[in-house]
1. Would you check which residues across region 167-191 are out of contact with any strand residue (DSSP E or B) (no Cβ under 7 Å at 6 or more places or on another chain), under 23 Å from Pro90 (Cα atoms) and touching a residue at least 24 places away in the same chain (Cβ under 8 Å) and list them?
2. Does Ser111 satisfy being touching a Lys or Arg at 6+ places or on another chain (Cβ under 7 Å), within 12 Å of the ligand (Cβ to nearest atom) and of a type outside the set (Lys, Arg)?
3. In region 19-28, how many are within 8 Å of the ligand (Cβ to nearest atom) and among the basic types (Lys, Arg)?
4. Does region 146-156 contain any residue that is surrounded by fewer than 18 Cβ atoms within 10 Å (Cβ to Cβ), within 16 Å of the ligand (Cβ to nearest atom) and without any contact (Cβ under 8 Å) to a residue 60 or more places away in the chain?
5. Could you check Leu92 against (1) in a loop (DSSP other than H, G, I, E, B); (2) free of Cβ contacts under 8 Å to residues at least 60 places away in the same chain and say which number it fails?
6. Could you tell me whether region 189-207 includes any residue that is loosely packed, with under 13 Cβ neighbours inside 10 Å, modelled with pLDDT of 95 or more and in a loop (DSSP other than H, G, I, E, B)?
7. May I ask you to list the residues in region 164-188 that are outside any helix (DSSP H, G or I), under 14 Å from the mean Cα position of the chain (by Cα) and surrounded by fewer than 22 Cβ atoms within 10 Å (Cβ to Cβ)?
8. Ala106: part of a helix (DSSP H, G or I), touching a Lys or Arg at 6+ places or on another chain (Cβ under 9 Å) and assigned by TED's automatic domain parsing to the domain that holds Tyr160, yes or no?
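The values are calculated or read from the model by the stated rules, or taken from the named source; none is laboratory data. As the structure is a computational prediction, the values presented were derived from the model and not from experiment. Neighbour counts are summed over all protein chains in view; Cβ atoms, including those assigned to glycine, are modelled from backbone coordinates with ideal geometry.
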Amino acid sequence: MDVTTAERAKLQLYSYWRSSCAHRVRIALNLKGLEYEYKAVDLLKNEHMSLDFEKLNPIKYVPALVDGDTVIGDSFAILLYLEEKYPEHPLLPKDLKKKALNLQVASIVGSSIQPFQNTKILNYIEEKFGSNEKLPWVQFYINDGFEALEKLLKGVAGKYATGDEAQLADVFLAPQILSASWFQVDLSRFPTLALLNEAYDQSSAFQAALPLQQPDAPSSS
Ligand SMILES: N[C@@H](CCC(=O)N[C@@H](CS)C(=O)NCC(=O)O)C(=O)O
């Protein structure tokens, strides 16, 4: 379905600058050339726990997307929605094998890496086992996931993860590789991922989605 410019103006993204899940959606919106209103949700002030935010996403996580009368919580659901409604710059290739690979990469990041580095779980680890256990915990899950991703993408990746266009896999990988650096993960162990990261650094759609470029990032407040 083609969508008019007036309808596009309705997009609102509830985001937190440092959230890797919101970062995914920002990249996709930029790749698709969709304008959106940035609605900052301060996780440090627990704004995601408010009753107002709960109406947007009952599980109380960012991101959430509002498109007219459609409200979607969860980055995966948002990305698949955007993909169907706004087909420009497709994130999923027609080739079934490549499509499955994109979904597999997205799922590894979204289900087998990122949930283990979430604030909620890190607070729990700290409370139960002490603050020293947090970093090795996160590093274990990132390294474990990155080993799988490296095996999957080695020899398959082009400029981007599954070819020469940025697709869903890249939308998930770029924020995860960035947050791995926050947790001092050594990317040189993963040469394919390191090369992809260089491509992300050179893309304006990826650059504009970076945490420090967001209106709620500390340097811009
Ligand atoms: N599966 C969800 C996960 C969302 C999620 O974990 N969001 C994080 C930021 S990346 C969050 O809101 N964390 C708040 C908390 O842990 O309390 C998605 O992909 O949107």
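1. Of everything in region 167-191, those that are out of contact with any strand residue (DSSP E or B) (no Cβ under 7 Å at 6 or more places or on another chain), under 23 Å from Pro90 (Cα atoms) and touching a residue at least 24 places away in the same chain (Cβ under 8 Å) turn out to be Leu168, Ala169, Val171, Phe172, Leu173, Ala174, Pro175, Gln176.
2. On the way: touching a Lys or Arg at 6+ places or on another chain (Cβ under 7 Å): no; within 12 Å of the ligand (Cβ to nearest atom): yes; of a type outside the set (Lys, Arg): yes.
In short, no.
3. Total meeting the criteria: 1.
4. No - not one qualifying residue is present in region 146-156.
5. Just one mismatch for Leu92, condition (2).
6. No, the conditions are met nowhere in region 189-207.
7. Step one: filter region 164-188 for residues outside any helix (DSSP H, G or I), giving 164-167, 183-186.
Keeping just the survivors that are under 14 Å from the mean Cα position of the chain (by Cα) gives 166-167.
Answer for region 164-188, where residues must be outside any helix (DSSP H, G or I), under 14 Å from the mean Cα position of the chain (by Cα) and surrounded by fewer than 22 Cβ atoms within 10 Å (Cβ to Cβ): there is none.
8. yes
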